[in-house]
Amino acid sequence: MKNRKFLLLFALLLTLGMVLAACGSSGDDETKGNDSKSEDDASSEGASDFSAAMVTDVGGVDDKSFNQSAWEGLKAWGKEHDLTKGNGFDYAQSDDKSQYMPNLTRLVKQKYNLIFGIGFKLKEDITKVSKQYPDTHFAIVDDVVEQPNVASVTFKEHQGSFLVGVAAAKKTKSNKVGFVGGVDSPLINKFESGFIAGVKSVNPDIEVEVQYAESFGAADKGKLIASNMYNNGIDVIYHASGATGNGVFAQAKDIKQNNPDQDVWVIGVDRDQYAEGQIDDYNVTLTSMVKRVDIAVQDLANKSMNGEFPGGEILEYGLEDEAVSVAMTNKEAMTDDIVKAVEEWKEKIVNGEVEVPKTREETDAFLKAL
């Protein structure tokens, strides 16, 4: 009997212990559940925070030109909102056009709210991916994609190119200047057309030689083209060729180092490329046609974050809003008479007195009217 009572008491105590343990476990689980919920909420909150990324063209984020300017804009936006690379903003490097689509798709799957395609060469892939993922916002820089979830960012490059053409015409001593383009395309034709129009508006007798490298990432080819141009008496070269232009700078610096008395100049593009022309106490960068891709990227990211994504719209930036300009960093090279001429022609363009051509056909008509 005593054994039965003992066993019953033991069973009751055991049951009570299990209940208490369960209660304790339940409390721990609730705490853990709350922690887990907090983590999930934090994760959900983090996922709901606005994020932006970009896919580069083949030049890469260190091309010292177009892609780099875009990346600087995205970094500035991230800094503005206390974000860090990989945690709020990022980029995907494209070393070949075959990587555009995989890069875009990867960023979509990583839940970025806004994805930039940097350069007109991404147009086809931006068009495809925007149809596949209609709930994701995309932006293309330097071309137009007609989709409701794509914003198209364009610039009046022909206007800025006209003004650096004026500077080249005022600087040349040989009356021979050159233009080096990346890929022969409607976009780069805008740079070429504006440049020729600016040069010829100052002096119709100046010769303008045009060559395309058919690449935005071939510095060796840029160097070879520049070598041939300088050897043929050209003393000012304007490049619109991304990383290919690094070769143009390299050749100009080589010439200047070997023959300090020879005048050779480079006009940079997209960002102020003054630093690329520095050799000791001399600089071969005459000026640069600055296209504020960085400002456009930062501006669009903020608009999108604030619920004002301009889907289906074309955003065009030009001289009138200071998104296109002429660098005045090299004050020794950009003499007062050159600066004065640039400012005078800028005023004419902004006021509508001069309509700058942006195609070869328009350029032919413009030159005939001079």
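The values are calculated or read from the model by the stated rules, or taken from the named source; none is laboratory data. Note that this is a predicted model, so its numbers are computed, not measured. Note that each Cβ is placed from the backbone with ideal geometry, even for glycine, and that neighbours are counted across all protein chains shown. Surface accessibility is based on the protein's heavy atoms, side chains included, excluding ligands, DNA and RNA. Shrake-Rupley method; radii C 1.70, N 1.55, O 1.52, S 1.80 Å.
Here are the numbers for this structure:
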item: Residues satisfying the stated conditions in the stretch 90-120, i.e. of a type outside the set (A, V, I, L, M) and touching a residue at least 40 places away in the same chain (Cβ under 8 Å); result: TYR100, ASN103, GLN110, LYS111, TYR112, ASN113, PHE116, GLY117, GLY119, PHE120
item: Considering residues of the stretch 271-305 that are over 17 Å from VAL342 (Cβ atoms) and assigned to a strand (DSSP E or B) only, the residue farthest from the chain's Cα centre (by Cα); result: TYR282
item: Residues of the stretch 65-121 that turn out to be under 23 Å from ASN246 (Cβ atoms) and open to solvent by 50 Å² or more (accessible area, probe 1.4 Å), as a count; result: 9
item: Of all residues in the stretch 280-334 being among the aromatic types (Phe, Trp, Tyr) and over 23 Å from ASN351 (Cβ atoms), the one that is surrounded by the fewest Cβ atoms within 10 Å (Cβ to Cβ); result: TYR282
item: Qualifying positions in the stretch 182-210 - in contact with a strand residue (DSSP E or B) (Cβ under 6 Å, 6 or more places away or on another chain) and open to solvent by 20 Å² or more (accessible area, probe 1.4 Å); result: ASP184, ILE196, GLU207, VAL208, GLU209, VAL210
item: Selection within the stretch 100-126 - of a type in the set (D, E, K, R) and modelled with pLDDT of 95 or more; result: ARG106, LYS109, LYS111, LYS123, GLU124, ASP125
item: Residue identified as modelled with pLDDT under 95 and closer than 24 Å to ASP95 by Cα among PHE138, PHE216; result: PHE216
item: Residue list for the stretch 85-111, restricted to those being assigned to a loop (DSSP other than H, G, I, E, B), among the small types (Gly, Ala, Ser) and touching a Ser or Thr at 6+ places or on another chain (Cβ under 8 Å); result: SER94
item: From the options VAL266, VAL248, residue that is of a type outside the set (D, E, K, R), buried (at least 24 other Cβ atoms within 10 Å of the Cβ), outside any strand (DSSP E or B) and modelled with pLDDT of 95 or more; result: VAL248
item: Number of the condition not met by ALA213 [criteria: (1) hydrophobic (A, V, I, L, M, F, W, C); (2) under 21 Å from GLY242 (Cβ atoms); (3) surrounded by fewer than 20 Cβ atoms within 10 Å (Cβ to Cβ)]; result: (3)
item: Output for the stretch 112-156, where each listed residue is of a type in the set (Phe, Trp, Tyr), out of contact with any Phe, Trp or Tyr (no Cβ under 9 Å at 6 or more places or on another chain) and not in a loop (DSSP other than H, G, I, E, B); result: PHE120
item: Any chance LEU319 is closer than 22 Å to LYS200 by Cβ, under 21 Å from the mean Cα position of the chain (by Cα) and not assigned by TED's automatic domain parsing to the domain that holds ASP254; result: yes
item: Qualifying residue in the stretch 207-230 (condition: of a type in the set (S, T, N, Q), part of a helix (DSSP H, G or I) and in the same structural domain as VAL180 (by TED's automatic domain parsing)); result: yes
item: GLN159, sole failed condition from (1) open to solvent by less than 50 Å² (accessible area, probe 1.4 Å); (2) more than 30 Å from VAL236 (Cβ to Cβ); (3) of a type outside the set (A, V, I, L, M); result: (2)
